[in-house]
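The values are calculated or read from the model by the stated rules, or taken from the named source; none is laboratory data. Source: prediction; values computed, not measured. As a convention, Cβ positions derive from the backbone with ideal geometry for all residues, glycine included, and neighbour counts pool all protein chains shown. Each accessible area value is taken on the protein alone, full model and side chains, heavy atoms only, with ligands, DNA and RNA left out. Shrake-Rupley method; radii C 1.70, N 1.55, O 1.52, S 1.80 Å.
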Amino acid sequence: IDMTPRALAIARRNAAAAGASPRLIHGDVTRLDDHGVGDGYTLLLDFGCFHTLPSDRRAPYIAGVSRVSAPGATLLMFGFRPTFAPMRTGMTADEIRERFSSAGWELINAEPTAIDELVRRRVGRAMDHFEVWCYHLRLTAAR
């Protein structure tokens with residue numbers, strides 16, 4: 001299911017209501033250079049992207065995110081842990097630490113996140129079989 005068109009429509013509506021005019025891009029997150037994303041970002045937010053990528057697409061994601069980030073940048077990642085059998089993807093603190101450290105990122109914190117109320121409002125029920133975590137990373141100055 002491609003949720004991107006709906007997400008972009010919601011983002012456009014929210015931005016217009018806030019009087020903001022962000023540049024929204026519909027593209028492959030593992031190919032940021034192809035989309036003219038630019039560089040020097042100090043805050044990056046991944047809300048459910050990395051954890052859905054197949055293992056072989058995670059390295060290009062990390063390389064791209066690292067290229068567009070300024071030294072000292074903060075990356076906040078939210079995603080499922082691989083605890084639900086039908087969901088073959090996910091991420092763990094060990095994987096995040098291992099994969100991102102080679103690109104100059106330090107895992108500052110990893111903790112479970114209480115989103116049960118948000119999920120309940122969106123789907124009408126709790127989803128106890130999903131365990132959502134927040135990972136806080138910082139890009140070191142030396143890459």
Original post:
Tell me, what ³J(HN,Hα) does each residue in region 47-52 have, in order and in whole Hz, if you take phi through Karplus 6.51 cos²θ - 1.76 cosθ + 1.60 with θ = phi - 60° and put x for Gly and Pro?
Top reply: 10, x, 9, 3, 5, 9
Subject >> Qualifying trypsin sites (Lys or Arg not before Pro) for region 10-49 [loop in DSSP, other Cβ within 10 Å: at most 13] >> reply: Arg23
Original post:
What nm distance separates the two modelled labels at Ala70 and Ala93, each placed 7 Å from Cα along Cα→Cβ?
Top reply: 2.9 nm
Original post:
Just in region 1-86: which chymotrypsin sites (Phe, Trp or Tyr not before Pro) are loop by DSSP and have at most 16 other Cβ atoms within 10 Å?
Top reply: Phe84
Original post:
Length gain on complete extension for the stretch Met3 to Thr42, per 0.36 nm per residue less the alpha carbon to alpha carbon distance?
Top reply: 11.4 nm
**OP:** Between His35 and Ser55, with labels modelled 7 Å along Cα→Cβ, what's the label distance in nm to one decimal, could you check?
**Re:** 2.6 nm
Original post:
In whole percent, how big is the carbon plus sulfur part of the accessible area of region 1-56, probe 1.4 Å, protein atoms only?
Top reply: 56 percent
